[in-house]
Every structure is written in structure tokens, then in C-alpha cells.
Amino acid sequence: MEAPEDPRRRRVGLLYDERMCRHATPDGESHPENPERIRAIWLKLESEGIPQRCVVLRAKEAEDKYIALVHTQSHIKLIRNISSKEFDSQRLRIASKFNSIYFNKGSSEAAYLAAGSVVEVSEKVAKGDLDSAIAIVRPPGHHAESDEAMGFCLFNNVAIAANFLLNERPELGIRKILIVDWDVHHGNGTQNMFYKDPRVLFFSIHRFDFGSFYPAGDGGSYCMVGEGAGAGYNINVPWEHGQCGDADYLAVWDHVLLPVAESYNPDIILISAGFDAAVRDPLGGCCITPYGYSLMLKKLMGFAQGKIVMTLEGGYNLNSIANSVLACAKVLLEEKPLVGSIEVQPFESTWRVIQEVRHELKTFWPALAVELPQNVLASNGRPCPVEDAHGWLWFKFAGEQMYK
Ligand code: X5A
Ligand code: ZN
């Protein structure tokens with residue numbers, strides 16, 4: 001006889017599907033957004049016995065009518081057809097019209113599976129069939145605009161799922177969605193799709209470097225607070241430089257995100273969980289540790305009755321992303337109390353950014369109106385470990401050029 005299920009045990013959905021590995025560069029050129037990313041994550045979880053403790057799901061293709069909630073017909077048509085034979089000779093030329101995009105024979109299917117997977121797990125979490133879920137998908141989604149593939153993203157997976165819950169499943173009672181985008185890049189596509197929509201509070205924390213970091217421009221600035229009915233429901237936390245790590249992110253959690261989440265009281269949280277702000281990521285230049293990610297996630301579990309869907313976005317160091325997702329899976333499974341410590345203080349620039357964001361948004365969120373106490377602000381910049389081409393770790397201060 002089977003042991004009765006522990007009623008307190010968390011039901012965590014875990015979605016992975018090898019078919020999403022078929023999206024790859026057309027001639028095998030190396031690329032950071034490659035199939036090994038999701039394989040590495042899955043292998044790591046398997047080696048730690050995580051799938052056995054989760055509800056494992058396979059991917060399902062999204063229906064066009066759900067994709068059409070956020071994308072134009074012409075964009076859907078392009079992604080649907082790009083992998084067909086007739087497009088064989090045109091794929092390279094078409095991809096070159098977009099910013100940081102490649103296509104091959106597997107791209108269409110992978111794009112539909114990624115979007116459909118996030119819809120699927122979001123519906124199950126919204127229903128209560130699952131407490132929370134992790135969707136290990138690619139291609140990623142948060143740069144995709146309604147009529148444009150961009151930044152390795154074809155369909156905006158998380159935006160499609162959010163709109164699906166709001167518009168197609170009103171009976172599930174999801175009226176307010178918090179999207180937390182902790183990918184190191186600004187989630188421009190998601191921001192634009194919900195810019196006037198108060199039913200979605202979009203929060204993105206990203207490297208900005210005064211507008212020079214990808215996707216560059218003014219979109220990721222803290223001045224972008226939403227428009228019309230959506231005013232106050234778009235929050236950007238733009239880092240001035242790289243090297244931000246656990247202490248910086250947690251300071252923003254404590255002094256921006258959590259007070260707002262508390263007032264907003266979301267019905268579900270969707271995380272655009274890129275892991276390219278992880279230590280040793282080749283693109284991000286930040287240094288969040290697996291422990292940092294687990295704390296960031298744990299602090300969000302206090303909202304929306306723990307209804308959380310994590311969706312992979314970027315993240316390009318295979319070891320870093322695998323260990324970070326593992327740490328997050330353990331948090332969702334409520335394995336044991338978190339152990340670890342954060343040795344360093346936030347950068348001075350972090351406090352500056354936090355104060356700017358609070359100032360910009362305090363008319364919408366009274367919890368942000370109080371001045372931060374002086375003792376909280378009194379801290380100094382500190383070095384951050386960075387790896388050189390030979391695998392050596394160096395300590396480098398913000399704004400300092402690495403010795404060559
Ligand atoms: C999803 C993601 C990054 C695109 C960088 C292009 N995209 N240079 O992390
Ligand atoms: Zn990214």
C-alpha cells in the first residue's frame with residue numbers, strides 16, 4: 001500500500017521537454033542561448049533527485065488564439081512558418097532583420113512549446129492543482145514585442161500566460177498578477193504589453209548602465225511607471241553598473257518590491273526568471289549566488305498564497321543556471337530552512353537607485369513614501385568576484401576597469 005500523501009507537502013510542477021532543444025543556430029555556430037542550457041538544468045535536477053519530488057510535466061504547444069492575446073497575426077504567422085521547408089532559403093535573411101535572433105527547423109515548434117508550457121503550468125497553479133511550478137523553457141520570451149522577435153526571444157511566454165489567465169480563465173479568480181522579471185536584461189516586451197494595464201504589475205530589475213546595456217535606450221529607466229489606468233503598475237529598477245549581487249538585490253526586495261507586493265496583494269506571481277545576473281554569467285556581469293536567488297524567491301512565497309510560476313528567461317553559464325534553478329526548486333519544495341549568509345553591503349549606487357525608484361513611485365504606493373533611515377543608507381561599495389578567461393577569480397570594484 002502507498003503511504004498517504006503528506007497534506008503539507010508542496011505540489012511543485014516541473015516542466016521540461018527535450019523538443020525545446022531543437023531550436024538552435026542554423027549551422028551549428030556557437031551561441032550563448034543554446035540547447036545545452038535547459039539540458040544542463042534538467043541534468044542537475046535529475047542528479048539531485050528533484051523530479052521525483054515534483055509533478056513532472058511535458059510541454060504542450062500554445063494555441064494561436066492565446067498567443068494572439070499579445071502578438072499580432074503577422075508575427076504569429078512568421079513564427080509558425082519560419083521552420084517550414086518553403087522558408088529554408090530565407091531564414092538567414094529574415095533573422096537578420098531582427099535584433100539578436102536566429103531561426104532553424106526546430107524554432108517554430110520550440111517557440112510554441114515554450115509559450116504553451118508557461119500557459120499550462122500557470123493554469124494549473126491558478127487552479128490550485130499545483131502550489132507552484134518551474135518551467136524550464138527556451139527560447140526565452142521577455143524581449144519579444146507584440147510584432148517582433150528580439151534578444152533571443154520569439155514569443156513572449158510569460159506575457160501570453162498572464163493574458164491567458166486574465167482573459168481566458170476569469171473563473172479561476174486571477175484578477176491581479178505580479179510579474180517579477182529578475183533577468184539581468186530589461187523585460188522590454190512585457191513592459192510594453194502591460195504598460196496601460198493595472199491588472200498586471202510589472203517589476204523589472206536589470207542592468208541599465210544609464211541606457212547603454214541591452215536592450216538599451218530609455219525603456220528600462222525608473223521613469224517608466226506605466227500610463228493611463230496602468231500608471232504606477234510598471235516598476236523598473238535600473239542598475240547603474242554591473243557587479244550587483246545578493247546584497248543589492250535583497251535591498252531592493254526589502255525596500256521596493258516587497259512593500260509594493262504587500263499593498264498590491266497579487267493573486268499569482270509569475271517570475272521571468274532569467275539567471276544571467278548570476279555570478280560567472282558571461283553576459284550579465286552581476287554576481288547573484290544560488291543562495292541569493294533562493295532568498296529572493298523565498299521572500300516572494302509570502303504573497304499570493306505561495307502561487308508562484310517560475311519561467312526560465314536568460315542565463316548563459318551552464319553551471320550557474322543549473323545551481324541557481326536547483327536552489328529555487330528546493331525553496332519551492334520547502335526542503336529545509338535556508339542556510340547561508342550575505343557577507344557584503346549593497347553598493348552606494350544601489351541606495352541611490354532605490355531612493356530614485358521610491359521617489360518616482362511614492363504617489364502610487366504610499367508604503368514607499370517614508371524616507372529610508374540614515375543607518376540603512378550608511379554603507380559602502382565593495383568588491384565583487386569576477387572570473388577571467390583562465391577561470392581565475394579576481395576582486396574588482398564597481399566602475400574600475402579590470403587589469404589587463
Ligand atoms: C533573454 C536574454 C539577452 C539578449 C542579449 C543580446 N536575452 N545581446 O537574456
Ligand atoms: Zn537576459
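The values are calculated or read from the model by the stated rules, or taken from the named source; none is laboratory data. Note that the structure is a prediction, hence the values are computed from the model and not measured. We place every Cβ from the backbone using ideal geometry, glycine too, and count neighbours over all the protein chains shown. When the accessible area is computed, the model is the full protein with side chains, heavy atoms only, and any ligands, DNA or RNA have been set aside. Shrake-Rupley method; radii C 1.70, N 1.55, O 1.52, S 1.80 Å.
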Cα extents of the stretch 257-379 along the principal axes, largest first, in whole Å, come to 40, 33, 26
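How big is the charge dipole of the chain about its Cα centre, in debye rounded to the nearest 20, if each Lys and Arg gets +1 on its Cβ and each Asp and Glu gets -1 on its Cβ? Write down the numbers at each step before the final one.
Values: 41 positive and 51 negative charges, 109 e Å.
Here the chain has a charge dipole of around 520 debye.
Can you work out the FRET efficiency for the pair GLU371 and GLN345, with r the C-beta to C-beta distance and R0 = 25 Å, to the nearest 0.05? Don't skip to the answer; put the middle values down first.
On the way: r = 19 Å, r/R0 = 0.78.
Rounded to the nearest 0.05, the efficiency is 0.80.
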Given the protein chains as shown and a 1.4 Å probe, how many square angstrom of MET150 are accessible, to the nearest 10?
20 Å²
Can you give the calculated 222 nm mean residue ellipticity of the chain, where each DSSP H run of n ≥ 4 adds -39,500 (n - 2.57) and the sum is split over every residue, rounded to the nearest 500 deg cm²/dmol?
-9000 deg cm²/dmol
Carbon/sulfur accessible area of the chain, % of total, 1.4 Å probe, equals 51 percent
So for the pair ALA229, GLN73, with labels modelled 7 Å out along Cα→Cβ, what separation do we get in nm?
2.5 nm
Please state, to two decimals, what the Cα-based radius of gyration of the stretch 1-155 comes to when divided by 2.2 N^0.38 Å (N = residues).
1.15
Mean-square fluctuation maximum in Gaussian network of the chain, Cα pairs under 10 Å, restricted to HIS390, HIS75, HIS206, hits HIS390
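When only C-alpha pairs under 8 Å and at least 6 residues apart count, what is the relative contact order of the chain, in percent?
Numbers: 880 pairs, mean separation 64.9, N = 404.
Taking the mean separation of contacting Cα pairs over the length of the chain, I get 16 percent.
Provide the packing ranking of 24-37, 252-265, i.e. peptides ordered by the mean count of other C-beta atoms within 10 Å per residue, highest first. Present the calculation step by step, with values, prior to reporting the outcome.
Values: 24-37: 14.5, 252-265: 18.3.
In decreasing order of mean packing, 24-37, 252-265 become 252-265, 24-37.
Over the stretch 89-197, what relative contact order in percent results from Cα pairs under 8 Å that are six or more residues apart? All intermediate terms of the calculation are to be shown ahead of the outcome.
Details: 135 pairs, mean separation 28.4, N = 109.
Taking the mean separation of contacting Cα pairs over the length of the stretch 89-197, I get 26 percent.
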So which helices of the chain fit the span-like rule, where a helix is a whole DSSP H run, its Cα atoms reach 18 Å or more along the axis, and its mean Kyte-Doolittle is at least -0.5?
107-127, 318-332
Of SER108, SER212, SER221, the most mobile residue in a GNM of the chain (C-alpha springs, cutoff 10 Å) is SER212
Across every pair of different alpha-carbon atoms, what Kirkwood hydrodynamic radius in Å does the stretch 1-76 reach?
15.9 Å
Seen from all sides and averaged, what is the projected area of the convex hull of the Cα atoms in the stretch 260-306, in nm²?
3.6 nm²
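Placing unit charges on C-beta atoms (Lys and Arg positive, Asp and Glu negative, everything else neutral), compute the dipole magnitude of the stretch 313-361 about its Cα centre in debye, rounded to 20.
Values: 4 positive and 7 negative charges, 22 e Å.
Approximately 100 debye in magnitude.
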What does the accessible area per residue of the chain come to in Å², with a 1.4 Å probe and no ligands, DNA or RNA counted?
42 Å²
Percent of alpha carbon pairs in the stretch 127-262 separated by more than 18 Å?
57 percent
P(r) of the stretch 318-373 over all Cα-Cα pairs, binned every 10 Å from zero, in whole percent:
18, 25, 26, 29, 1
Debye log10 I(q)/I(0) at q = 0.09 Å⁻¹ for the chain, Cα point scatterers:
-0.50
